[in-house]
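Beneath this line is the structure, given in structure tokens, with notes to follow.
Computed from the coordinates by the stated procedures, all read-outs in this text should not be read as laboratory data. Model, not experiment: these values are computed from the prediction. Heads up, the Cβs are rebuilt from the backbone with ideal geometry, glycines too, and the neighbour counts pull from every protein chain shown.
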Ligand SMILES: Nc1nc2c(ncn2[C@@H]2O[C@H](COP(=O)(O)OP(=O)(O)OP(=O)(O)O)[C@@H](O)[C@H]2O)c(=O)[nH]1
Ligand SMILES: [Mg+2]
């Protein structure tokens, strides 16, 4: 939700990174934070490398009509069972980056994750950018094929290897550009009070989890991890 922060006379906007479990949301948010944030970004709660709360980082992101802009980038948890938390974070979004693992299996997981998002986006007209991540994986599909498989062939899609930092900035800039375009179309920006991400954490802690679904995902991950370690 874009807000004009009267105290610091800047425009604050939020870009939410969403997507299925393990697609690379945390990797994107951390890479952006490492490049642009002046202070270290907080580390989200994790279990076996899966985000349980959300990642975030905040940095200066140029100007909009000569007003300095501060972007907060939020990374949602992707494990099944965390849908209510995802919805809560998406309610705060000025734009969504849907990250998708570009492998055939990853695209299937992406399709399941994007379905509820598409209806929310259509309803609120939030701009969306698709990131076809993990392009380095041997069986990965090219970005247009990923967008097609996700059912959004028209919007912008960017290829990335987030783990190496490739495509991370381009994806962010594409989302930022979409926010600017949406702001251009509005006559006025509502001057709403700015809610810092710290307060979001408290709100998110009260959002109920689907404990059964979440435990199922975490057990699957644990079994995969153990299978990898067994001789
Ligand atoms: N090969 C490859 N691996 C990647 C890439 N980007 C991220 N990864 C790896 O994929 C794994 C999952 O990445 P995360 O960023 O934690 O994924 P996430 O979307 O935040 O996962 P959840 O929080 O569980 O939803 C990590 O081991 C990353 O290093 C990539 O471009 N290529
Ligand atoms: Mg994560």
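Values for this structure:
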{"read-out": "Breaking point among (1) touching a strand residue (DSSP E or B) at 6+ places or on another chain (Cβ under 7 Å); (2) surrounded by fewer than 22 Cβ atoms within 10 Å (Cβ to Cβ); (3) within 24 Å of residue 111 (Cα to Cα), for residue 37", "value": "(3)"}
{"read-out": "Single match in 101, 92 (criterion: in contact (Cβ under 8 Å) with a residue 60 or more places away in the chain, more than 10 Å from ligand 1 (Cβ to nearest atom) and either over 23 Å from residue 215 (Cβ atoms) or surrounded by 18 or more Cβ atoms within 10 Å (Cβ to Cβ) (or both))", "value": "92"}
{"read-out": "Verdict on residue 101 being away from ligand 2 (no atom under 11 Å from the Cβ) and farther than 25 Å from residue 159 by Cα", "value": "no"}
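Table: residues versus (1) out of contact with any helix residue (DSSP H, G or I) (no Cβ under 8 Å at 6 or more places or on another chain); (2) without any contact (Cβ under 8 Å) to a residue 40 or more places away in the chain; (3) part of a helix (DSSP H, G or I).
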residue: 88; (1), (2), (3): no, no, yes
residue: 97; (1), (2), (3): no, no, no
residue: 115; (1), (2), (3): yes, yes, yes
residue: 120; (1), (2), (3): no, yes, yes
residue: 129; (1), (2), (3): no, no, no
residue: 136; (1), (2), (3): no, yes, no
residue: 148; (1), (2), (3): yes, yes, yes
residue: 155; (1), (2), (3): no, yes, no
residue: 158; (1), (2), (3): no, yes, no
